[in-house]
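Heads up: the structure comes next, in structure tokens.
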Amino acid sequence: MLLLQDVAYIHPNKEPLFSGLNLTIHKHCKTALIGNNGSGKSTLLKLIAGALQPSEGEVIVAAKPYYVPQVFGQFDEYTVAEALQVADKLDALQRIMQGDVSAAVYSILDDDWAIEERCAAALQYWQLDGVSLSQRMRTLSGGQKTKVFLAGIMVHEPGLVLLDEPSNHLDVQGRQLLYHFIETTHRTLMIVSHDRKLLNLLDSVCELGKDGITVYGGNYDFYTAQKHLAKEALQHDVQSKEKALRKAREKERETMERQQKLDARGKQKQEKAGVAKIMMNTLRNNAEKSTAKMKSVHGEKISGIAGELKALRAALPGIDQVRFGFDSSGLHKGKVLFSAQSMNFAYDGKKLWQQDLDITITSGERIALKGANGSGKTTLIQLVVDKLVATTGTIHKADMQWVYIDQEYSLINNQLSVYEQAQQFNTAALQEHEIKNRLNRFLFTKAHWNKPCSALSGGEKMRLMLCCLNVYSQSPDMIILDEPTNNLDIQNVEILTNAINEYEGTLIVVSHDAYFLEQLKVEKVIAL
């Protein structure tokens, strides 16, 4: 079904992205394509779809692929029919029904007399009953746009389907529909996703990295088990190499101390024996040469082991190099931070919620805020953090420090450099070297310090945000996460998960990712 032979891609600016990719995908296989941000997953999907051409190598596809992109803004001025690539056929069908019998019109329709029925059935399956084929894409939500393109699978009935982060904009119901489609379809699938529930529905995992594509013959849980075994072996190698380095340094020290004692005793004997000065100089020079040679031998050995150790440490996953160390919130657990009785908010005089809300949030709670698009999740968050004033109800709010982290990481100032951004949170007057040490702990090395924040990926912005919270003199009393995983790869989702699990303050999370919420040990749900 799909064959990649020595595929390479070089960006228009001449920067190479990947090279030497080889892969075979058989018919009916359901494959995950994963890898860190910037590894080239979306570009590879575009190469397979034919939207881009490889710089080297060959992409062979046995059937015309159907590609669902991650971003839909470029289709905003299209109608739904145009986005589905059926507008010409639908127009031809209408013209035939109105009496046009020209060969050109029949050629456009290509005997596809059921095109209208397929479109209607596809839109209905993806719960787009209120969406018409003539409607502009810009009038749809992100989730609806995704569903339009997913409906195209039923419309075009392709042999190979390419999906780029298909669950990003879908709510819980939309995700369930997507999962059901993946489980029941017999089509060949290749899916880029960080949705671990989705990834566990697939037959195999292809990991795209700097060494090419590695194939794992199982779902995501199987992949993580294999990676865990490999990581344990790597950590064992690191520990063994660290031990070898300590022994080599100890051996060098012992050898040099022994040689110095021998040289000192030899010199004393020579002085007692009355050896001539010129001979003493020769003997001393020989001893120094012998010591230098010995030191060089040990130095080369130590340098070799140190180089091997550095390479092994560099091979460790980034998540194992990140260090968090968040301070505790200053509030005691159980303190009431926000309480509301009969609360509501009105837009243009119309109440947002049919029933008034009774809500209590206490310090240390982990809360998932759930609800369909338009149910008022963002409004409720703004009420909790005092950005809006309730129209009705009795409200109590405690003094607290809070941080709102959205999927765009808008707390990051794109006009600043990485170091300057961290400095913005330096309320404890840390020295420059201390801030740079903390940046290093979040994988921002010297090469990143002067890099503009505008050039950072979603994952890098997330890590910088966590670093800023670490630099801050005290952790916030409340962290609000609003769909924080949408723009992250799996490694950065795990980094975020581990960081938040070290945080002891109050957590409110808006997310459709059930696996993420489970990993965060959410204990309470507010459903709107």
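The values are calculated or read from the model by the stated rules, or taken from the named source; none is laboratory data. From a predicted model like this one, the values you see are computed outputs, not experimental measurements. No Cβ is skipped: glycine too gets one built from the backbone with ideal geometry, and neighbour counts run over all protein chains shown. Side chains are part of the model used for accessible areas, which takes the heavy atoms of the whole protein and leaves out ligands, DNA and RNA. Shrake-Rupley method; radii C 1.70, N 1.55, O 1.52, S 1.80 Å.
Kindly provide the set of residues from region 391-432 that are without any contact (Cβ under 8 Å) to a residue 12 or more places away in the chain and under 30 Å from residue 351 (Cα atoms), ordered by number.
Scanning region 391-432 gives 399, 410.
Looking at (1) more than 20 Å from residue 508 (Cα to Cα); (2) in contact (Cβ under 8 Å) with a residue 24 or more places away in the chain; (3) of a type outside the set (D, E, K, R); (4) in a helix (DSSP H, G or I), can you tell me which one residue 440 breaks?
Every condition holds for residue 440 apart from (2).
Go through region 393-435 and give me each residue that's β-branched (Val, Ile, Thr), exposed (fewer than 14 other Cβ atoms within 10 Å of the Cβ) and over 24 Å from residue 505 (Cα atoms).
The answer is 394, and nothing else.
Quick one: count up the residues across region 341-383 that are open to solvent by 30 Å² or more (accessible area, probe 1.4 Å), more than 30 Å from residue 519 (Cα to Cα) and part of a strand (DSSP E or B).
Looking only at that region, the number is 5.
Which residue pairs have Cβ atoms under 8 Å apart, sit 6 or more places apart or on different chains, and have a first residue in region 87-104 that is among the basic types (Lys, Arg) and a second that is open to solvent by 100 Å² or more (accessible area, probe 1.4 Å) and not in a helix (DSSP H, G or I)?
The qualifying pairs are 89/110.
Take the residues in region 113-129 that are at pLDDT 90 or above and assigned to a loop (DSSP other than H, G, I, E, B), then tell me which one is most open to solvent (accessible area, probe 1.4 Å).
Across region 113-129, the extreme among qualifying residues is 113.
Of the numbered conditions (1) without any contact (Cβ under 8 Å) to a residue 60 or more places away in the chain; (2) surrounded by 21 or more Cβ atoms within 10 Å (Cβ to Cβ), residue 189 satisfies every one except a single condition; which is it?
Status for residue 189: all satisfied but (1).
Can you pull out every residue in region 216-242 that is at pLDDT 90 or above and among the charged types (D, E, K, R)?
Within region 216-242, 221 is the sole residue that qualifies.
Right, residue 173: under 27 Å from residue 492 (Cα atoms) and not hydrophobic (A, V, I, L, M, F, W, C) or not?
yes
State which residue is modelled with the highest pLDDT when the search covers only region 454-466 and only residues that are open to solvent by less than 10 Å² (accessible area, probe 1.4 Å) and closer than 15 Å to residue 404 by Cα.
464
So which residues in region 6-40 are open to solvent by less than 30 Å² (accessible area, probe 1.4 Å) and either basic (Lys, Arg) or under 21 Å from residue 494 (Cβ atoms) (or both), if there are any at all?
30, 32, 33, 34, 35, 39, 40
How many residues does region 49-69 contain that are among the hydroxyl-bearing types (Ser, Thr, Tyr) and open to solvent by 40 Å² or more (accessible area, probe 1.4 Å)?
Number of matching residues: 2.
Would you point out which residue out of 450, 426 is in a loop (DSSP other than H, G, I, E, B), touching a Ser or Thr at 6+ places or on another chain (Cβ under 7 Å) and more than 30 Å from residue 142 (Cα to Cα)?
On inspection, the qualifying residue turns out to be 450.
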